[in-house]
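Student: Let me give you the structure first, and then I'll get to my questions.
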Amino acid sequence: MESPLSKSGNTSPTKIDVNQHGIGVADLKLLRVFKTVVEAGGFTAACNELNIGLAAISKQISDLEVRFGMKLCTRGREGFFLTEHGKITYQACLDLFSSISQFRDKLNNARHDMFGELNIGIIDNTITDTKSPIIHALSEIHRKAPKVSVRLHATQLDEIERGVLDGRFTCGLVPVYHEKPEFDYYFLYEEISHLYCGDKHPLYSIASGKITQQQIKSAETVNHFYANHSEKNTYLEFSSSNAIAVQVEAVSMLILSGNYIGFLPKHYALHLFGGAKLKPLMPDEINIATPFSLVVKKGNALSTVLTLFLNALQNEAKSQTLSAAG
């Protein structure tokens, strides 16, 4: 189905001078299509997101290029790529729509109604953590501000950090291995990790009380690439590791191969195969607590919607902590 915009007239759009004429409603519609195509990674992937056909998307991007007098992207058998003009335009889109969102928030707050968008980046493989307050907070947002549009992205830590910095994500819910100066951090809770071996590993058949530190130090290990805990080096020798993984699921696969031991979040290991194929090694002595925080770009003022979301996260995290203590 084609959008009304893609059918509006047969004449070619007129190239505009932004300084003279500014940005009109039609330009905003085209820019939103362009932003969606970039974030989807191409025309075809954007079809479902936009609910329009490939030809309609292609026409609208072409219209935008004519309007601005710049080639924004290349598309073909080689794939989808932004030109330098396209990269600048995409970043300008993020700034523009962020400003529009802030403007809309201020007007809506003035009449005591909450609108806006929450684009949330959350680290993958945390749904099994009962201490995570994210599900409760999402429920609270819908209950207290049902007109707010929520988009949730489960992905890797470095992608979330990039998204928060370039404006694609309003905020991120992430493990904090060390704080970075580009972000403001709002602490929520801690995730506990243990050292595990799989049921094919020689240590699996040894009684827990008889496993020694020397046996653990001599075992081959999985280096969880971005989980950079200084504590881990106390227990294991990672410098000689020839197995590297980025995501928790990939770490689990290497551990289950029977060739390596490695750290996993306790909640994830217990959920995986009911915990039957993974064994914690010296769990009373070897365990790591990882802080989880909400992160936003340094210096960014929290909108009313984001403040509501943060309060819901912190209140639920506090409630979980009190329940565990009780």
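The values are calculated or read from the model by the stated rules, or taken from the named source; none is laboratory data. Everything numeric here is computed off the predicted structure, so don't read it as measured data. Reconstructed Cβ throughout: ideal geometry from the backbone, glycine too, with neighbour counts over all protein chains shown.
Student: Within segment 80-120, restricting attention to residues that are over 18 Å from Val33 (Cα atoms) and at pLDDT 90 or above, which residue is surrounded by the most Cβ atoms within 10 Å (Cβ to Cβ)? Even if it seems obvious, please write down each step before you answer.
Tutor: The first filter runs over segment 80-120 and keeps only residues over 18 Å from Val33 (Cα atoms), leaving 84, 102-116, 118, 120.
With at pLDDT 90 or above added as a condition, the list becomes 84, 118, 120.
On the way: Glu84: 10, Leu118: 21, Ile120: 25.
Within segment 80-120, the match that is surrounded by the most Cβ atoms within 10 Å (Cβ to Cβ) is Ile120.
Student: Given the conditions (1) within 30 Å of Val150 (Cα to Cα); (2) in contact with a Leu (Cβ under 8 Å, 6 or more places away or on another chain); (3) not assigned by TED's automatic domain parsing to the domain that holds Glu140, and given that Lys297 satisfies all but one, which numbered condition is not satisfied?
Tutor: It is condition (3) that Lys297 fails.
Student: What tally of residues in segment 199-220 results from selecting those that are surrounded by 15 or more Cβ atoms within 10 Å (Cβ to Cβ), in contact (Cβ under 8 Å) with a residue 12 or more places away in the chain and out of contact with any strand residue (DSSP E or B) (no Cβ under 6 Å at 6 or more places or on another chain)?
Tutor: Summing the residues that are surrounded by 15 or more Cβ atoms within 10 Å (Cβ to Cβ), in contact (Cβ under 8 Å) with a residue 12 or more places away in the chain and out of contact with any strand residue (DSSP E or B) (no Cβ under 6 Å at 6 or more places or on another chain) in segment 199-220 gives 5.
This table checks each residue for (1) free of Cβ contacts under 8 Å to residues at least 24 places away in the same chain; (2) of a type in the set (A, V, I, L, M, F, W, C); (3) assigned by TED's automatic domain parsing to the domain that holds Arg168.
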position	(1), (2), (3)
Ile61	no, yes, no
Leu64	no, yes, no
Arg67	no, no, no
Met70	yes, yes, no
Thr74	yes, no, no
Phe81	yes, yes, no
His85	yes, no, no
Tyr90	no, no, no
Lys106	yes, no, no
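Student: Here's something else I'd like to know. Among helices (runs of 4 or more DSSP H) lying entirely in segment 211-276, which contain 3 or more residues that are at pLDDT below 90 and of a type in the set (A, V, I, L, M)? If you could, list the steps in order and put the result at the bottom.
Tutor: On the way: elements: 213-218, 232-235, 248-256, 266-271.
Filter on segment 211-276 gives an empty set.
Student: Counting just the residues of segment 286-304 that are over 30 Å from Gln213 (Cβ atoms) and in contact with a strand residue (DSSP E or B) (Cβ under 6 Å, 6 or more places away or on another chain), which one comes out modelled with the lowest pLDDT?
Tutor: Filtering segment 286-304 down to residues over 30 Å from Gln213 (Cβ atoms) leaves 293-304.
Then drop every residue that is not in contact with a strand residue (DSSP E or B) (Cβ under 6 Å, 6 or more places away or on another chain), which leaves 293-296, 298.
Working: Ser293: 97, Leu294: 97, Val295: 97, Val296: 96, Lys298: 92.
Top of the filtered list is Lys298.
Student: Okay, moving on. Write out, first by first residue and then by second, each pair whose Cβ atoms fall under 6 Å of each other, whose residues are 6+ apart or on separate chains, and whose first residue, in segment 306-326, is within 29 Å of Arg104 (Cβ to Cβ) while the second is among the polar types (S, T, N, Q) and assigned to a helix (DSSP H, G or I).
Tutor: none
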